[in-house]
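Have a look at the structure below, then the notes.
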């Protein structure tokens with residue numbers, strides 16, 4: 001346990017994030033939450049005074065005569081130094097950085113006209129980021145900058161449509177997702193409510209340029225072929241697609257993909273799909289509740305190629321329970337043989353809504369490999385051999401190894417929507433249960449309108465969801 005004591009709660013969120021980076025999964029109690037009778041292995045005390053901050057970690061102490069315009073980063077660097085010293089010089093690849101969109105930092109400095117060397121120096125000194133991650137960040141920032149040049153950030157927008165149904169719910173999943181078998185009789189009503197939101201959006205943004213469409217979830221290909229056809233037709237009929245660079249449909253679960261559904265999508269300008277194995281180790285798939293076989297995945301991929309799909313993404317997750325570095329190596333060798341056009345490498349991040357977290361006592365016996373840095377290096381080496389280049393990156397809380405998620409693609413086949421959702425350069429209209437619409441102003445300011453997660457509530461309150469969007473755009 002970690003006890004965090006602060007006489008004022010300035011930057012508590014940031015300090016918690018840094019502690020979680022050093023000690024993922026460890027319980028943190030702050031001030032009034034603290035049980036004085038329970039001994040903590042780590043006691044961090046932050047004392048704010050008028051002209052200084054005193055930071056004490058167990059028996060070690062530093063005093064900051066703060067430059068208040070950068071007090072947060074000064075404080076985080078101080079806590080980082082003390083934690084690193086306590087852990088025998090251990091460093092984190094992303095240093096003090098706890099935000100989920102690290103590419104925004106070099107992008108902003110590039111827009112100021114700074115050179116790569118100047119960006120390296122500033123980010124290293126401010127956040128203690130490793131050279132390896134700085135090199136990666138700057139490389140991706142240049143790629144993103146080039147891709148964003150073709151996007152109309154002011155007069156354009158992107159569209160997200162959420163289908164919150166899956167064949168089963170995986171152990172690690174925290175997305176808005178409901179098992180198809182249990183909710184099958186509600187899907188028709190859900191689509192009817194979604195239609196109202198789609199028609200409202202098409203009318204409201206008739207004069208704007210639609211640059212990308214993303215069908216996510218859940219698993220959109222959980223829908224029956226006739227339902228999928230109806231939904232795709234509804235979008236294609238009501239939106240002007242002449243400025244649309246990309247239309248993605250997540251077929252993430254191989255057991256939800258059939259040749260008939262692949263043919264349905266080919267009748268529309270769907271030019272990018274996902275078929276996600278997560279791992280090529282059958283024992284792991286069984287353990288995490290994927291309920292599909294490695295052979296089903298191969299079969300779905302081969303069918304998609306036969307049906308003419310030339311931009312296929314695959315998702316993998318590093319750090320899954322009972323997976324070793326050698327398992328990751330074998331999975332990557334399979335990826336090399338298959339040759340996907342996009343490969344997204346996720347590092348396991350256990351959120352509060354995941355069953356692995358909610359029912360942690362039940363899964364306490366599972367082993368989680370800690371050598372995720374070696375796993376990540378394997379994926380970097382093999383993607384390079386495959387001719388794939390990194391093009392977007394993001395981070396999450398409680399990530400194994402304090403690492404990141406990286407999207408790789410063949411040059412020219414990068415996922416435009418993925419960049420837009422991370423860099424927040426363009427407004428995204430998000431429809432469906434649990435989705436969040438973001439309005440991006442010309443000055444970079446962002447406002448949001450959220451849809452309720454519960455599908456029954458979404459269907460009952462669909463007019464309210466539409467009113468929330470109307471209010472967002474009328475402010």
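Taking the DSSP beta bridges with both ends in the chain, the antiparallel portion is around 40 percent. Please give the helix 372-385 orientation as an angle from the longest Cα principal axis of the chain, in degrees from 0 to 90, rounded to the nearest 10. Once rounded, the angle reads 50 degrees.
Fewest neighbouring Cβ atoms within 10 Å first, the residues 158, 450 line up as 450, 158.
Restricting the count to DSSP beta bridges whose residues both fall in the range 2-83, what percent are antiparallel, rounded to a multiple of 5? Restricted to the range 2-83, the bridges split so that about 55 percent are antiparallel.
Using a cutoff of 8 angstrom between alpha carbon atoms and counting only pairs six or more residues apart, the relative contact order for the range 156-464 works out to 20 percent. Based on C-alpha pairs under 8 angstrom that are at least 6 apart in sequence, the range 2-83 has a relative contact order of 30 percent.
Semi-axis lengths, largest first, of the ellipsoid equivalent to the range 270-317 are 22, 11, 7 Å, with √(5λ) applied to each eigenvalue of the Cα gyration tensor. Rg and Dmax, both from the Cα atoms of the range 2-83 and both in Å, are 12.1, 38.
The C-alpha atoms of the chain define a longest principal axis, and helix 71-86 lies at about 70 degrees to it. Listing 214, 13, 309 from fewest to most neighbouring C-beta atoms within 10 Å gives 13, 309, 214.
Here the relative contact order of the range 362-475, from alpha carbon pairs under 8 Å that lie six or more residues apart, stands at 14 percent. Can you give me the angle between helix 116-127 and the longest principal axis of the chain, using Cα atoms only, in degrees from 0 to 90, rounded to the nearest 10? Once rounded, the angle reads 60 degrees. Using the Cα gyration tensor of the range 203-304, with a ≥ b ≥ c the square roots of its eigenvalues, what is the shape: rounded (a/c below 1.5), prolate (a/b larger than b/c) or oblate (neither)? Prolate, because a/c is 1.5 or more and a/b exceeds b/c. Taking only the Cα atoms of the chain, the ratio Rg/Rh comes out at 0.97, with Rh defined as the Kirkwood radius.
Binning the alpha carbon pair distances of the range 299-348 at 5 angstrom intervals from zero yields the distribution 5, 18, 27, 22, 15, 9, 4, 0, expressed in whole percent.
Look at the Cα gyration tensor of the range 17-128: its axes a ≥ b ≥ c give a/c of at least 1.5 with a/b over b/c, and that counts as prolate. Entry for the range 62-199 at q = 0.15, 0.17, 0.19, 0.21 Å⁻¹: log10 I(q)/I(0) = -0.92, -0.98, -1.08, -1.21, Debye formula applied to identical alpha-carbon scatterers, no solvent contribution.
For the range 89-162 versus the range 282-355, the spacing of their alpha-carbon centroids is 27 Å. No solvent, one uniform scatterer per C-alpha: report log10 I(q)/I(0) for the range 244-285 via the Debye equation at q = 0.14, 0.30 1/Å, two decimals. Cα-only, vacuum Debye calculation for the range 244-285: -0.39, -1.07.
With neighbours defined as other Cβ atoms within 10 Å of a residue's Cβ, the residues 242, 299 order from fewest to most as 242, 299.
The numbers here are math on the coordinates, done by the rules we state, and not lab data. Treat the numbers as computed from the prediction; the structure is a model and nothing was measured. All Cβ positions, glycine included, derive from the backbone under ideal geometry; neighbour counts span all protein chains shown.
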